[in-house]
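Right, one structure below, let's go through it.
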Amino acid sequence: MTLRRYHSWSWITALALGSGAAQFGLLSTAQAEEDSAAETAAARTLAVDGLKLAQANKCDEAIPKLERAEKLHHSAIVLSRLGECEVSEGKLVEGTEMLRKVLREALPPNPSPALSKAYEHAQTTLDAAKPKIAGLTISVNAPQGTELHLTVDGQAVASTLLDSELPANPGDHTVEASATGFLKATARVTLSTADKKTVSLKLEADPNAPVAIPASANEDAKVSAVAPAGEGVAGPRAASPASPPAPASAPSHAAAYVSWGVGVVGVGVGSAFGLIGLKDKHNLNGTCTANVCPSGSRDAVDTAKRSGNISTIAFGVGGAGLILGTVLYFSVGGSESQTGGHARHGFAGLEHGRALVGPGSVQLAADF
């Protein structure tokens with residue numbers, strides 16, 4: 001430390017200490033009100049001891065005390081003196097950042113002479129230290145997409161800062177790059193004041209790193225394990241047995257069953273009314289002669305005729321339902337072997353079979 005710097009800080013320290021320990025002028029009044037009394041007292045003691053050591057050119061002993069005092073209670077005077085000590089110890093990057101922090105804080109109204117001098121001294125020290133900061137650029141040759149882990153002197157560095165100049169302190173530095181599956185790459189570099197250097201690292205594959213087995217290889221191993229002795233696996237993977245063809249969906253015969261149901265009901269109704277009609281006719285045979293019935297039997301004759309007509313119509317509908325159901329059953333779905341080669345053409349060679357049902361009749365039509 002130069003004689004001028006010594007006298008400057010000697011004067012600042014004398015002002016700070018001379019203002020009285022009770023007021024603790026080294027710390028900002030606003031923060032002193034917020035912190036506990038015990039922390040304030042401890043910070044005051046550490047700050048006073050640190051400033052005395054720094055004034056005696058013992059920055060290596062002063063730095064730990066000033067750091068602890070600053071953590072307990074922020075003071076621009078303490079931080080400024082800590083930043084200058086860091087710079088004097090060769091930690092230009094850390095020291096200048098502390099001085100920048102001091103200068104970013106606005107001076108309070110009516111600052112004390114000690115605080116004003118601390119700001120002035122911080123600016124002078126910062127201006128002198130900035131040109132001395134060295135620059136270090138790190139470049140790593142690794143496969144694209146590799147997740148890199150970088151450190152400089154054991155401190156982690158974000159991989160996004162690759163190929164960008166990093167502020168560095170003059171002196172010796174160790175740069176390391178690592179990634180899963182690769183050997184660690186290390187380089188050592190010495191930087192002079194304001195020196196600019198690039199460190200290039202190349203990641204080599206680790207021959208002892210476990211190899212990830214693809215999923216397809218696992219399948220091959222399973223096939224080989226279950227293969228009978230003497231039978232190899234053809235190609236990179238065993239040929240999978242041919243998948244059985246999906247079973248054809250069963251044809252729907254619902255319409256045929258419904259039609260048969262209608263037919264059965266029709267036949268049943270026709271049979272019932274036919275029996276009623278026969279019974280009525282048998283009863284009329286005793287009163288009618290040569291198919292001529294007396295006028296008093298007219299209602300019985302009408303009932304017999306009506307039963308006969310219903311029976312006839314029901315038998316017609318029932319027969320049509322049975323025939324239509326049979327046509328639908330054999331013309332819908334099924335394989336060629338089941339339908340005698342007519343699966344696509346319908347029943348009896350019809351391309352599209354249609355059945356028309358009317359009272360007492362069934363009509364079949366086809367489009368050729």
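What follows draws every value from the coordinates through simple rules; no lab data is involved. None of these values were measured; they are calculated from a predicted model. When we count neighbours, we look across all protein chains shown, and the Cβ atoms used for this are built from the backbone with ideal geometry, even at glycine.
Using Cβ contacts closer than 10 Å as the measure, can you line up Leu322, Leu161 from fewest to most?
Final ranking by Cβ density, sparse to dense: Leu161, Leu322.
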Whole-number Å³ per residue for the convex hull built on Cα positions in the stretch 134-202: 74 Å³
Long pairs among Lys130/Lys197; Lys65/Lys130; Lys52/Lys117, criterion Cα-Cα beyond 19 Å: Lys65/Lys130
Sum of side-chain charges, Leu92 neighbourhood, beta-carbon under 13 Å (Lys, Arg +1; Asp, Glu -1): -3
Restricting the stretch 90-182 to GluC sites (Glu not before Pro) in coil, as DSSP defines it, with at most 14 other Cβ within 10 Å: Glu105, Glu147
Residues with amide H under 5 Å from that of Val157, placed H, sequence gap 5 or more: Leu150, Thr151, Val152
